[in-house]
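Following: one structure in structure tokens, then a few remarks.
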Amino acid sequence: MSEDSKIVVGVDGSASSLAALDWALGQAELTGSTVEAVTAWEYPAFYSWEGGAISPREFENAASVTVEDAVDKAVDRRSSPPRVRTKVCQGDSAQVLLDIVETTDLIVVGSRGHGGFVGALLGSVSHKCTQHARCPVVVVHAQGERA
């Protein structure tokens, strides 16, 4: 990879996505790549339209805070952090990541796992990315999760 290469990492605030972010930052340090931390959000399909409804902008703002906080904390722990951009998109998490891959050299995603046999299976986002991405995909488990 080179200076113009890009590593995309999915960040949703979960322990496995934070581990994926750390892994992506480490890989970017080794390769000189830029990291693009991506968070997707969706407006709930069955959200009440009656009084007190939350606007879509609030969901987007919450997603933005999630990715910005995660990146800030992860970068602060590094002595020479790589270039990092954040991106917030509306849509299905896996599809958002797959739509970005046209200009991506590597996708990094977390896999939440559920322990035991189920923990050996990929989560829905990581499964879809490994099946459909046009670039390599790295799936990272949080420390303590079974692979």
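The values are calculated or read from the model by the stated rules, or taken from the named source; none is laboratory data. Treat the numbers as computed from the prediction; the structure is a model and nothing was measured. Every residue, glycine among them, receives a Cβ derived from its backbone with ideal geometry; neighbour counts consider all protein chains shown. Only protein heavy atoms, including side chains, enter the accessible area calculation; ligands, DNA and RNA are left aside. Shrake-Rupley method; radii C 1.70, N 1.55, O 1.52, S 1.80 Å.
Restricting attention to region 54-89, report how many residues are of a type in the set (S, T, Y), at pLDDT 90 or above and more than 14 Å from V9 (Cβ to Cβ).
Keep residues of region 54-89 that are of a type in the set (S, T, Y), which gives 55, 64, 66, 79-80, 86.
From the residues that got through so far, the ones that are at pLDDT 90 or above too are 64, 66, 86.
Remaining after also requiring more than 14 Å from V9 (Cβ to Cβ): 64.
Number satisfying all stated conditions: 1.
Take the residues in region 76-98 that are assigned to a helix (DSSP H, G or I) and out of contact with any helix residue (DSSP H, G or I) (no Cβ under 7 Å at 6 or more places or on another chain); name whichever of them is most open to solvent (accessible area, probe 1.4 Å). Spell out how you get there, then give the answer.
Taking region 76-98 and keeping what is assigned to a helix (DSSP H, G or I), we get 76, 93-98.
With out of contact with any helix residue (DSSP H, G or I) (no Cβ under 7 Å at 6 or more places or on another chain) added as a condition, the list becomes 76, 95-96.
Numbers: D76: 129, Q95: 72, V96: 13 Å².
Residue satisfying both the conditions and the ranking: D76.
Output the residues belonging to region 1-36 that are free of Cβ contacts under 8 Å to residues at least 40 places away in the same chain and not in a loop (DSSP other than H, G, I, E, B). Spell out the reasoning first.
Taking region 1-36 first, the residues free of Cβ contacts under 8 Å to residues at least 40 places away in the same chain are 2-4, 26, 30-31.
Hits for region 1-36 are G26, L30, T31.
Give the residue, chosen from A142, A147, that is in contact with a His (Cβ under 6 Å, 6 or more places away or on another chain), at pLDDT below 90 and either surrounded by fewer than 18 Cβ atoms within 10 Å (Cβ to Cβ) or in a helix (DSSP H, G or I) (or both).
Details: A142 fails: in contact with a His (Cβ under 6 Å, 6 or more places away or on another chain).
Step by step, each of A142, A147 is checked, and only A147 is in contact with a His (Cβ under 6 Å, 6 or more places away or on another chain), at pLDDT below 90 and either surrounded by fewer than 18 Cβ atoms within 10 Å (Cβ to Cβ) or in a helix (DSSP H, G or I) (or both).
For E3, which of the numbered conditions (1) modelled with pLDDT of 95 or more; (2) under 21 Å from R134 (Cα atoms); (3) out of contact with any Leu (no Cβ under 9 Å at 6 or more places or on another chain) fails to hold?
Checking E3 against (1) modelled with pLDDT of 95 or more; (2) under 21 Å from R134 (Cα atoms); (3) out of contact with any Leu (no Cβ under 9 Å at 6 or more places or on another chain), the one that fails is (1).
Are any residues in region 34-53 modelled with pLDDT under 95 and more than 13 Å from the chain's Cα centre (by Cα), and if so, which ones?
Once the filter is applied, which keeps residues that are modelled with pLDDT under 95 and more than 13 Å from the chain's Cα centre (by Cα), region 34-53 yields E42, Y43, P44, A45, F46, Y47, S48, W49, E50, G51, G52, A53.
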